[in-house]
Amino acid sequence: MATTETTTATGAAAAGVVRAGTAADAAPPATTPRTRRPHPRPRPGVGTVLKWVVLGLVALVMVVPLYIMVINAFKPQDAIIASPLAITPDTFSLEYLQAALTSEKFNVVRAYGVTLLFVALVNLCGIALAAPVAYVIARGRSKWHLGLLLLFVSGLFIPGQVTLIPVVFVLRVLGLINTIPGFILFETAATLPVTIFLFAAYLRTVPRDIDEAAALDGAGKIRAFWACIFPIMKPVVATIVVLNSISVWNDFVSPQIILGPGSGIYTVTTGVYAAVGEFSTDYTTVFPTLLLAVTPAILFFVLMQRHIIGGLVAGATKG
């Protein structure tokens, strides 16, 4: 009897040991947290280094003339000739900039007003003419519409200076040479190719459902475009305004030939040319006048450059 109880106790103890071992085997092993090693940064390749070197050289080529113009706008003639690249705080003066603002040869304020008037009129006329044409081309399905687009785009491959001679003859026959309307017509025609191209590319991304909805409401095509489609074109319109404004502001050859010095109408660029002496160059007049001429264009571009990128990207994909 005692032997039986001892055997039973021994078996129970062995079973307990087996269960404890099984439970210990089933329990997940304790894991220690691993420390993540930072991944080594990939070394830039030869192509990347070469790209940044080229971009740096291009930026240097563009920045150096601007640097020379800015620092020499506040220096006397002798300092400009002796050391055009040096910054000399002891000779720094605002009198040259003030003299350029009050110069009798070139009225900067009047030139600003004339140029801004040209910029506004060219943008207004160009958008008013190009937007309906681009709408017809974008909504058309025949080969004629594609041919019309290619006809306008082909104007991008013709330099504007090449067309000046026939334009002068045409404007002379019409009696518009040396007049503001003649200059506005020429500048508007010069901006049509790129304006129509960007407008047509953007309008192809606009769903045709908007046209159908406007037609169901009883609106004609003209009203549907100006009331429903044109308000959607704000990104590309802003891009066109920036591009055309800078183009008209920086144009020198067209106003110099079409308006002519005898008209007495000076833009910013032609006024700078008029301020330069015929037989000698006064750098204390040239550099401050150049600074006054380019500063509005640079500031305008810096403030509006995001609209250029947004407008171009908005019409880059269809859907």
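Quick rundown of the values:
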| item | result |
| --- | --- |
| Within straight-line cross-link reach of K143, lysines at Cα separation under 22 Å, skipping those fewer than 8 residues along the same chain | K221, K318 |
| Per-peptide average of other Cβ atoms within 10 Å, ordering 185-196, 54-65 highest first | 185-196, 54-65 |
| Backbone N under 17 Å from the F169 label point (7 Å along Cα→Cβ), restricted to segment 246-265 | 258 |
| Extension gain (nm, one decimal) between L216 and V70, 0.36 nm per residue minus Cα-Cα | 46.6 nm |
| Lysines whose Cα lies under 23 Å from that of K105, excluding same-chain neighbours fewer than 8 positions away | K75 |
| Cβ-derived FRET efficiency at R0 22 Å, V58 paired with L299, nearest 0.05 | 0.50 |
| Vicinal HN-Hα couplings computed from phi for segment 58-74 (Karplus, 6.51 cos²θ - 1.76 cosθ + 1.60; Hz; Gly/Pro x) | 5, 4, 5, 4, 7, 7, 4, x, 5, 4, 4, 5, 5, 6, 7, 6, 10 |
| Point-charge dipole on Cβ atoms (K/R +1, D/E -1) for segment 98-314, about Cα centre, debye to 20 | 580 debye |
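Bear in mind these aren't lab numbers, they're just calculated from the coordinates by the rules spelled out. None of the values given here were measured: they were computed from a predicted structure. So basically every Cβ, Gly included, is an ideal-geometry build from the backbone, and we count neighbours across all protein chains shown.
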